[in-house]
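The values are calculated or read from the model by the stated rules, or taken from the named source; none is laboratory data. Given the structure is predicted, the values throughout are model-derived calculations rather than measurements. All Cβ positions, glycine included, derive from the backbone under ideal geometry; neighbour counts span all protein chains shown. Note: areas computed on protein heavy atoms with side chains; ligands, DNA, RNA excluded. Shrake-Rupley method; radii C 1.70, N 1.55, O 1.52, S 1.80 Å.
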Amino acid sequence: MPTEKLARQTVKHPSTRVKMKNLEGLTQIRGLPLEMLNLITTVTITRLAGETMEVDWHAKFPMNIRFLRVRICIDPWRPLLVRYFVRVGEGRRIWIQFRYERVFRICKNCGRIRHTYPSCGVDNLDIERELNSQLKNIRHRFGYDIGMDVQE
């Protein structure tokens, strides 16, 4: 049967052995206040997570105001950007959250896709170095200071 054959092939060739350079997928950006729901802000925010390929944007009513949907290209070998704070005047900060559609295995230890926490073999020092490198790259490339002190 074709279904059984496909299942056997999937087991023989798990996705962890396939070396992909980039992965394109849909991402929901959640938590933006109404005044930030525009195309320019969406593209700017999306650049933090990956290369913007397409924005599902319709500047007419009715429109979805719970989240914005963006097709982005990400590096599957680096931790995903899941959420961060944005300053919105007078020191107030809000969470912006990225939800990656059809990505089911995200490790809660290292932030990478293709495996989950119990099977994560990445050392915590390597994770910290990778995240610091990513933050430094974002600051250098875009001029955004997205690092934060969890004690604030």
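The set of residues in segment 76-109 that are in contact (Cβ under 8 Å) with a residue 60 or more places away in the chain and charged (D, E, K, R) comprises Arg99, Glu101, Arg102.
Filtering segment 124-152 to residues that are open to solvent by 80 Å² or more (accessible area, probe 1.4 Å), among the acidic types (Asp, Glu) and modelled with pLDDT of 80 or more leaves only Glu128.
Among the residues of segment 95-103, is there at least one that is closer than 22 Å to Asn22 by Cα, open to solvent by 30 Å² or more (accessible area, probe 1.4 Å), modelled with pLDDT of 85 or more and among the hydrophobic types (A, V, I, L, M, F, W, C)? Looking for residues that are closer than 22 Å to Asn22 by Cα, open to solvent by 30 Å² or more (accessible area, probe 1.4 Å), modelled with pLDDT of 85 or more and among the hydrophobic types (A, V, I, L, M, F, W, C), one finds at least one in segment 95-103, hence yes.
This table checks each residue for (1) farther than 20 Å from Phe104 by Cβ; (2) open to solvent by less than 90 Å² (accessible area, probe 1.4 Å); (3) acidic (Asp, Glu); (4) at pLDDT below 85.
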{"residue": "Leu6", "(1), (2), (3), (4)": "no, no, no, yes"}
{"residue": "Ser15", "(1), (2), (3), (4)": "no, yes, no, yes"}
{"residue": "Lys21", "(1), (2), (3), (4)": "yes, no, no, yes"}
{"residue": "Glu24", "(1), (2), (3), (4)": "no, no, yes, no"}
{"residue": "Gln28", "(1), (2), (3), (4)": "no, yes, no, no"}
{"residue": "Glu35", "(1), (2), (3), (4)": "yes, no, yes, yes"}
{"residue": "Val43", "(1), (2), (3), (4)": "yes, yes, no, no"}
{"residue": "Pro62", "(1), (2), (3), (4)": "yes, no, no, yes"}
{"residue": "Leu68", "(1), (2), (3), (4)": "yes, yes, no, no"}
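Put simply, of Gly50, Gly111 the only residue that is surrounded by 15 or more Cβ atoms within 10 Å (Cβ to Cβ), touching a strand residue (DSSP E or B) at 6+ places or on another chain (Cβ under 9 Å) and modelled with pLDDT of 85 or more is Gly50.
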